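First the structure, in the form of C-alpha cells, and then the observations on it.
The values are calculated or read from the model by the stated rules, or taken from the named source; none is laboratory data. Small disclaimer: the values here were computed from a predicted structure and weren't measured. Virtual Cβ from ideal backbone geometry, glycine too; neighbours counted across all protein chains shown. Side chains included, ligands, DNA and RNA excluded: accessible areas come from the protein's heavy atoms. Shrake-Rupley method; radii C 1.70, N 1.55, O 1.52, S 1.80 Å.
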Amino acid sequence: MLTTRPRGTNDFLPQETEKWQLIEKILREICEEFDYHEIRIPIFEHTELFQRGVGETTDIVEKEMYTFMDRGKRSITLRPEGTASTARAYLEHKMSALPQPVKLYYMGPMFRYERPQAGRYRQFHQFGVEVFGSSDPGVDAEVIALAMAFYQRLGLTGLEVRLNSVGCPKCRPAHRQALQQFLKQDLEQLCPDCQGRYDRNPLRILDCKNPQCQKITAGAPTILHSLCPECVDHFAAVKEYLGMAGIQYQVDERLVRGLDYYTKTAFEVVVQEIGAQSAICGGGRYDGLMESLGGPPTPGVGFALGMERIFPTLATQGIELNPEKMLDVYLVAMEEEGQKKAFQLLMDLRKMGIKAEKDYMNRSMKAQMKAANRFQVKYVLIIGADELAKGTVMIRNMETSEQKEMMVADTLNFIEKAVK
Ligand code: ATP
Ligand code: MG
C-alpha cells in the first residue's frame, strides 16, 4: 500500500512536469499582457467559506468536499475551487480601496471527492481569473478572450465557446416559477438528485447529465426569455464585445453553472474530441458572491480552467509541447583525478549560469559519451588520460563533431561565449 498513491491523485514525473511548467509560463505571459496579477490563496479554508461562497445546493458542497476537523476542532475544507477564497481575500484585504477593477489570477491544486476517471481527479489543477469591482460587459468579454488567447497560443483549434445569461435576482424568480410549473407533471420521472433540486435549485435540473432528465427538460422554458431589461442589455453588449474580440460563440440557452452565485453571463469552453469530460473551462459573472460572504455588493466575473484536461486535448490534436532542452554541456572524464577536474569545471560552469552535468556513476568513457548524447547537449568537455597529462580539456561540438583542445581557463571562456 505504501507504494500506491491515493485514488484520484497523480504524480507528475519530471518529463511531464516540464510540460506543465511550459503551460504555466504561457498562462503567466498572457496574464501579463492582459494586466492580471497573481494571488496565492490557502490550500484550505474554513468550511463555511465554501458553504456560503459556492452554495449549499451545489454538487461541490453537497458531496465533493474534503472536510475535516483540525486539532483545534475547527471545520476545515481543502479548497474545491478558487473563486470563494479569492473573493474572501478581496474583502479581507480591503481591495475595494484599490483602483477598480481588481484583476487577479491563480493556479494550483483543487480537491473534490469525485469518481475518478479520465479527465476527472480528486486532486486536480485549475488556472482561474477573477475581476472584481466592474459590471462592464467588456470585462466579461475580456476574460473569455483571455481563456481563448491561451488555448490559441497552445495551438488548439475547434474549441467552442458556449454562452448564456442566467439573469439576476430580479428576473430569476419568474423563470424559476415557470420552470417548476413545466417540470411539475414529470417530477416523479426525474432522477433522485433532480427531485431534490426541484425545490432548492430547479435551474440546475437543466444541467443534469441523466438522459431521462435531459429528455424531460428538452422543451423547458429557458431563462433567456425571462431576462429583465438590464440583463438583456448586458447580454447584448457582451456579445457585441466578443464580436469585436474576434471570438465566435454559440448561445446555449440551457447552459447553467453549477454554482449559486452566478448572475448574467455564464460560459463554457468545450472541445468535442476528448469525450465525456468535454468542458475545459467554465466561468461567468457572479455579482451576488461578495454579499453572500457578508461583504458589500461588488460585481465580479471570472473563470476556471482545468489544467489536466489540456493534455488529452493537445494529444488528440497532435500537438506536442516541446519544453526547452535542459542542458548545455556534459562533462566526460576518466579516473578519479579526471572526475575531480570535471567536478571543478562543472561548478565553475554553473556559476556562469551554464546548464551542465557530469557522470556520478563511474561509467566507462563510452557510456559517458552515450549519456551526453541522451542529454542532447551541444558541447561535451572531455578529460581523458591525454588531457589529464597535459592539463587540457577536449571540447567536442556534438552538432559538427569538431574537436578543439584548450587549457581549462580558455575552455570556460569559450563555452560562455558559445552558449550565451
Ligand atoms: P464538470 O461538469 O466537468 O464536473 P464543473 O462544472 O464541476 O465541471 P468547474 O467547477 O466549473 O467544473 O471547474 C472548471 C473546470 O475545472 C472544468 O471545466 C474542468 O475543466 C475542471 N475540472 C472540474 N472538476 C475537475 C476534476 N475533478 N478533475 C479535473 N478537472 C476538473
Ligand atoms: Mg463537477
Exercise. Send over the per residue convex hull volume for the stretch 329-415, Cα only, as a whole number of Å³.
Key: 84 Å³
Quiz item: In whole Hz, what ³J(HN,Hα) sequence does the stretch 411-420 give by Karplus (6.51, -1.76, 1.60; θ = phi - 60°), x for Gly and Pro?
Solution: 4, 4, 4, 4, 5, 4, 5, 5, 8, 8
Quiz item: In the P(r) worked out for the stretch 272-384, what percent of Cα pairs fall beyond 21 Å?
Solution: 62 percent
Quiz item: For the chain, what D do you get in µm² per second when you plug the Kirkwood radius from alpha-carbon pairs into Stokes-Einstein at 20 °C and 1.002 mPa s?
Solution: 86 µm²/s
Quiz item: Amide H neighbours of residue 261 under 5 Å, counting only residues 5+ apart in sequence or on other chains, H built in-plane at 1.01 Å?
Solution: none
Quiz item: On average, how much accessible surface per residue is there in the stretch 40-121, in Å², for a 1.4 Å probe, leaving out ligands, DNA and RNA?
Solution: 52 Å²
Quiz item: Percent of alpha carbon pairs in the stretch 130-174 separated by more than 17 Å?
Solution: 51 percent
Quiz item: In the Gaussian network model of the chain, springs joining C-alpha atoms below 10 Å, which of 301, 129, 271 carries the largest mean-square fluctuation?
Solution: 271
Practice problem: Using only alpha carbon pairs under 8 Å that are at least six residues apart, calculate the relative contact order of the stretch 329-415 and give it in whole percent. | Solution: 31 percent
Quiz item: Just how far, in whole angstrom, is the stretch 8-36 from the stretch 274-330 if you go by their alpha carbon centroids?
Solution: 10 Å
Practice problem: Quote the relative contact order of the stretch 164-279 in percent (integer), defining contacts as alpha-carbon pairs under 8 Å separated by 6+ residues. | Solution: 40 percent
Exercise. Starting from the stretch 260-343, pick out the GluC sites (Glu not before Pro) whose DSSP state is loop and whose Cβ has at most 16 other Cβ atoms within 10 Å.
Key: 320, 324
Quiz prompt | Solvent-accessible ranking of 366, 103, 94, largest area first, probe 1.4 Å | solution = 366, 94, 103
Practice problem: Return the single residue from 147, 87, 371 with maximal mean-square fluctuation; model: Gaussian network over the chain, springs between Cα atoms under 10 Å. | Solution: 371
Quiz prompt | Residue-averaged 222 nm ellipticity for the chain, from DSSP H runs of 4+ at -39500 (n - 2.57), nearest 500 | solution = -11500 deg cm²/dmol
Exercise. For the stretch 12-57, evaluate the Debye formula with one uniform point scatterer on each Cα (no solvent term) and list log10 I(q)/I(0) at q = 0.16 Å⁻¹, rounded to two decimals.
Key: -0.74
Practice problem: Could you let me know the centre-to-centre spacing of the stretch 356-374 and the stretch 206-238, using Cα atoms, in angstrom? | Solution: 63 Å
Exercise. Take the eigenvalues of the Cα gyration tensor for the stretch 115-243, scale each by 5, and report the square roots as semi-axes in whole Å, largest first.
Key: 30, 23, 13
Quiz item: Between their Cα atoms, which of 340/404; 25/73; 325/404; 19/264 are more than 28 Å away from each other?
Solution: 25/73; 19/264
Quiz item: How high is the relative contact order of the chain, in percent, with contacts defined as C-alpha pairs under 8 Å that are six or more residues apart?
Solution: 15 percent
Quiz item: Any idea of residue 96's accessible area? Nearest 10 Å², probe 1.4 Å.
Solution: 70 Å²
